[in-house]
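For reference, the structure is listed below as structure tokens.
The values are calculated or read from the model by the stated rules, or taken from the named source; none is laboratory data. Everything numeric in this text was worked out from a predicted model, so none of it was measured. Cβ coordinates were reconstructed from backbone atoms using ideal geometry, including for glycine residues, and neighbour counts include every protein chain displayed. All accessible areas refer to the heavy atoms of the entire protein, side chains included, with ligands and DNA or RNA removed. Shrake-Rupley method; radii C 1.70, N 1.55, O 1.52, S 1.80 Å.
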Amino acid sequence: MSDNLGFSTRAITAGQGFDPTTGAVVPPVYLTSTFVQDGIGGFRGGYEYARGGNPTRDSLQDLLASLEGGSKAFSFASGLAAEDTLLRALLAPGDHVVMGNDVYGGTHRLVSRVFIPWGVSLSTVELSDIDQVRATIRPGVTKVLWIETPSNPLMKITDIAELAALGHDFGITVVVDNTFASPYLQQPLSLGADVVVHSTTKYLGGHSDVVGGAVIVKDDELAAKVGFLQFGVGAVSGPFDAWLTVRGIKTLAVRMDRHSSNAQAIAEALVGHPAINRVYYPGLADHPGHEIAARQMKSFGGMLSVSLAGGAVAARKFAESTELFQLAESLGGVESLIGYPSEMTHASVRGTVLEVPDDVVRLSVGIEDLADLEADVLGALARL
Ligand SMILES: *Cc1c(COP(=O)(O)O)cnc(C)c1O
């Protein structure tokens, strides 16, 4: 299949050829751990043992590489497994990482509790302040610049092209966690980033039924390193998980359009509401990153956060009193979810510079009917 095809076409066709033996339109799930050899070393299609390769995983990887415009993709058992494998490929003891000051709590925990004890150092900075980023870089020692945009949960926007250029001036590998945007809304590799990581658990899977992660690269040398560690460390995605993720991705484009339009409308409905101090959504014209987001994203996505005028007490009560927005960790599924980051997704960064204010509530806006979602949110606010 040609890479000239449009995004939605590739989401359905890339890596998804029909089964040659039966003609099954949907390629089968290869639930096998090993493959018969035609004589020692006579591998069919290169398959030997499923930690090293499985056709269902390959179909997901080919799909992800196509959608992100990378040369190679690797799929993992979770987003954090993907991040861990990538960081092992990029870092050695003594190296330094620069990371945004608003990232997924588990990403910060991985670096600070696993990689720092291993001998790596970490600085967290305000990525919208390029002078601060430049001043934090230690030439020759900083090896990774880690960007998450939009960020979790404060929806900060980072200019990917600008920071990729800065990182490259210092020979740094620039990584973008593209989980919140998905490749439909944002293409970091085409903006100059070297690597994209995903929690495919979120928008790519899209149905809250599978945990997974991915690394997508464009450089062959890095591909070889990540590929070796995927096999050598072994945090691979299983075939059924890979198949569910492929199934979810086929509808990514239509889902993201709806997530974005629902979230935009809810954000606008909450601006100026007496119970709300601030709405964090890059689709609002007064969001500090709005212009950059408008340039580098197709639309502004399905995630938004709000700070409550009534502080932590009101925030907790709001998060516990919506009905369609169910109180749960995670995001990016078809169903709407609500969360209280300071004690849920970001509990691990309390007491650090990444601590999330305790008046903030995060909404993952699903693809249900907008009128029902709006009534749910406004009704819960009215009951505060
Ligand atoms: C959820 C998430 C992760 C971690 O992914 P898991 O699949 O939960 O391991 C990483 N980054 C972001 C932005 C996330 O939302």
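Results, tabulated for the structure shown:
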item: Cβ pairs under 7 Å, 6+ apart, first in segment 322-338 and within 12 Å of the ligand (Cβ to nearest atom), second open to solvent by 10 Å² or more (accessible area, probe 1.4 Å) and β-branched (Val, Ile, Thr); result: Glu329/Thr345; Ser330/Thr201
item: Single residue of Val120, Val133, Val97, Val111 found to be in contact with a Ser or Thr (Cβ under 8 Å, 6 or more places away or on another chain) and buried (at least 16 other Cβ atoms within 10 Å of the Cβ); result: Val97
item: So Arg362, is it among the charged types (D, E, K, R), buried (at least 24 other Cβ atoms within 10 Å of the Cβ) and not assigned by TED's automatic domain parsing to the domain that holds Leu163; result: yes
item: Failed criterion for Ser348 (all others in (1) over 21 Å from Val103 (Cβ atoms); (2) open to solvent by 40 Å² or more (accessible area, probe 1.4 Å); (3) of a type in the set (Gly, Ala, Ser) hold); result: (1)
item: Subset of segment 214-225 (residues that are surrounded by fewer than 23 Cβ atoms within 10 Å (Cβ to Cβ) and in contact (Cβ under 8 Å) with a residue 40 or more places away in the chain); result: Lys218, Asp219, Asp220, Leu222, Ala223, Lys225
item: Among (1) within 19 Å of Tyr30 (Cβ to Cβ); (2) surrounded by 16 or more Cβ atoms within 10 Å (Cβ to Cβ); (3) among the aromatic types (Phe, Trp, Tyr) - the single one Phe240 does not satisfy; result: (2)
item: Helices (runs of 4 or more DSSP H) fully within segment 16-132 counting 3 or more residues that are more than 16 Å from the ligand (Cβ to nearest atom) and not acidic (Asp, Glu); result: 55-68
item: Criterion: under 17 Å from Asp194 (Cα atoms) and open to solvent by 30 Å² or more (accessible area, probe 1.4 Å) - qualifying residue of Ser71, Ser66; result: Ser71
item: Condition met for Leu308 (open to solvent by less than 10 Å² (accessible area, probe 1.4 Å) and closer than 19 Å to Gly100 by Cβ); result: no
item: Failed item in (1) farther than 20 Å from Arg255 by Cβ; (2) in contact (Cβ under 8 Å) with a residue 60 or more places away in the chain; (3) open to solvent by less than 40 Å² (accessible area, probe 1.4 Å), with Leu373 passing the rest; result: (1)
item: Failed item, numbered, when Phe170 is tested on (1) within 16 Å of the ligand (Cβ to nearest atom); (2) free of Cβ contacts under 8 Å to residues at least 40 places away in the same chain; result: (1)
item: Count of segment 1-15 residues which are part of a loop (DSSP other than H, G, I, E, B) and within 25 Å of the chain's Cα centre (by Cα); result: 6
item: Residue check, Ala193 open to solvent by less than 10 Å² (accessible area, probe 1.4 Å) and within 11 Å of the chain's Cα centre (by Cα); result: no
item: Scope segment 203-214; condition in contact with a helix residue (DSSP H, G or I) (Cβ under 8 Å, 6 or more places away or on another chain) and either within 12 Å of the ligand (Cβ to nearest atom) or closer than 12 Å to Ala181 by Cα (or both); matching residues; result: Tyr203, Leu204, Gly205, Val210, Val211, Gly212, Gly213, Ala214
item: Selection within segment 142-167 - in a loop (DSSP other than H, G, I, E, B) and within 16 Å of the ligand (Cβ to nearest atom); result: Thr149, Pro150, Ser151, Asn152, Pro153, Leu154, Met155, Lys156, Ile157, Thr158
